[in-house]
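*Asks:* Take this structure first; my questions come after.
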Amino acid sequence: MNKKRSLEKLNQSMHAMCACPLKETAINVVPGKGSADADIVFIGEAPGKKEDKEGEPFIGAAGKFLDEMLASVKLSRDDIYITNIVKYRPPDNRDPRPEEVEDCWMWLSEQIALIDPVLIVPLGRHALERFVPGQKISEAHGKSFRREVPGLGSREYFALYHPAAALYNGSLRETLITDFSKVPKLLEEVKKER
């Protein structure tokens, strides 16, 4: 079975068994999208209203900005995998609760294990906290961290502001574009170390 099919099966079985209470209020599950052979996995916080409606991650304004940044480093969504910490939209776009994050953790860790990316890019403070605890996104953005995470082994993480943050705070737009431009070089460096 190829990796793409394995990932599809994983997402189906995890959706069936996931105990996350957000499942009860969401319209659709949003497991993630992209290449099962991706070198980079981008991880946001949670699906928003549009993502919940369509069942696809990062399809609103923040997703369009992410697409622009990917294009700026000659990547597309076909080259990466993008998902969220939780797979269901929290009501009224509230922050996911710790127990909801925990309920979806096995799903996310299984996705990462199957894809086996070279680089994991947490988008925003919630995703960063899951992988690199105790770091403030305002200080960690644009930096990489080699971390040992239980169940995932030692991996490279590159902290970025969430694209939505740049939509709400225009001054972060240039920061995010500058930070994003470091991705290709970092990816090559980490590949050499593997």
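*Asks:* Give just the number: which of (1) assigned to a loop (DSSP other than H, G, I, E, B); (2) on the phi < 0 side of the Ramachandran plot; (3) under 15 Å from the mean Cα position of the chain (by Cα); (4) not basic (Lys, Arg) does ASP67 not satisfy?
*Replies:* Among (1) assigned to a loop (DSSP other than H, G, I, E, B); (2) on the phi < 0 side of the Ramachandran plot; (3) under 15 Å from the mean Cα position of the chain (by Cα); (4) not basic (Lys, Arg), ASP67 violates only (1).
*Asks:* What do you reckon, is GLY134 surrounded by fewer than 16 Cβ atoms within 10 Å (Cβ to Cβ), in a loop (DSSP other than H, G, I, E, B) and at positive phi?
*Replies:* Answer is yes for this residue.
*Asks:* Let me ask you something else. What residue, among those in the stretch 71-98 that are assigned to a helix (DSSP H, G or I) and without any contact (Cβ under 8 Å) to a residue 24 or more places away in the chain, is surrounded by the most Cβ atoms within 10 Å (Cβ to Cβ)?
*Replies:* Just the residues of the stretch 71-98 that are assigned to a helix (DSSP H, G or I), to begin with: 71-72, 77-79, 91-93, 98.
The next check asks that each one be without any contact (Cβ under 8 Å) to a residue 24 or more places away in the chain; those that pass are 71, 92, 98.
On the way: ALA71: 10, ASP92: 7, PRO98: 8.
So, considering only residues that are assigned to a helix (DSSP H, G or I) and without any contact (Cβ under 8 Å) to a residue 24 or more places away in the chain, the one surrounded by the most Cβ atoms within 10 Å (Cβ to Cβ) is ALA71.
*Asks:* Do you know which residues across the stretch 65-91 are farther than 21 Å from ASN11 by Cα and in contact with a helix residue (DSSP H, G or I) (Cβ under 9 Å, 6 or more places away or on another chain)?
*Replies:* Just the residues of the stretch 65-91 that are farther than 21 Å from ASN11 by Cα, to begin with: 65-76, 91.
Within the stretch 65-91, PHE65, LEU66, ASP67, GLU68, MET69, LEU70, SER72, VAL73, LYS74, LEU75, SER76, PRO91 meet the criteria.
*Asks:* Just to be sure I understand, how many residues within the stretch 1-43 are hydroxyl-bearing (Ser, Thr, Tyr) and farther than 29 Å from ARG125 by Cβ?
*Replies:* Matching residues across the stretch 1-43 total 2.
*Asks:* In the stretch 52-64, what residues are at negative phi, touching a residue at least 40 places away in the same chain (Cβ under 8 Å) and among the hydrophobic types (A, V, I, L, M, F, W, C)?
*Replies:* ALA61, ALA62
*Asks:* When residues of the stretch 138-158 are filtered for being at pLDDT 95 or above and under 19 Å from VAL86 (Cβ atoms), how many remain?
*Replies:* Qualifying residue count, the stretch 138-158: 1.
*Asks:* Just for the stretch 32-63: of the residues that are in a helix (DSSP H, G or I) and acidic (Asp, Glu), which one is surrounded by the most Cβ atoms within 10 Å (Cβ to Cβ)?
*Replies:* Selected residue: GLU51.
*Asks:* Could you grab me the full set of residues in the stretch 87-101 that are in contact with a His (Cβ under 9 Å, 6 or more places away or on another chain) and farther than 15 Å from ALA164 by Cβ?
*Replies:* Within the stretch 87-101, LYS87, VAL101 meet the criteria.
*Asks:* Further question: For the stretch 8-31, give me each residue that is hydroxyl-bearing (Ser, Thr, Tyr) and crowded, with 16+ Cβ neighbours inside 10 Å. Don't jump to the end; show me each part of the working.
*Replies:* Residues of the stretch 8-31 that are hydroxyl-bearing (Ser, Thr, Tyr), as a first pass: 13, 25.
Scanning the stretch 8-31 gives no hits.
The values are calculated or read from the model by the stated rules, or taken from the named source; none is laboratory data. Keep in mind it's a predicted model, so treat the numbers as computed, not measured. As a convention, Cβ positions derive from the backbone with ideal geometry for all residues, glycine included, and neighbour counts pool all protein chains shown.
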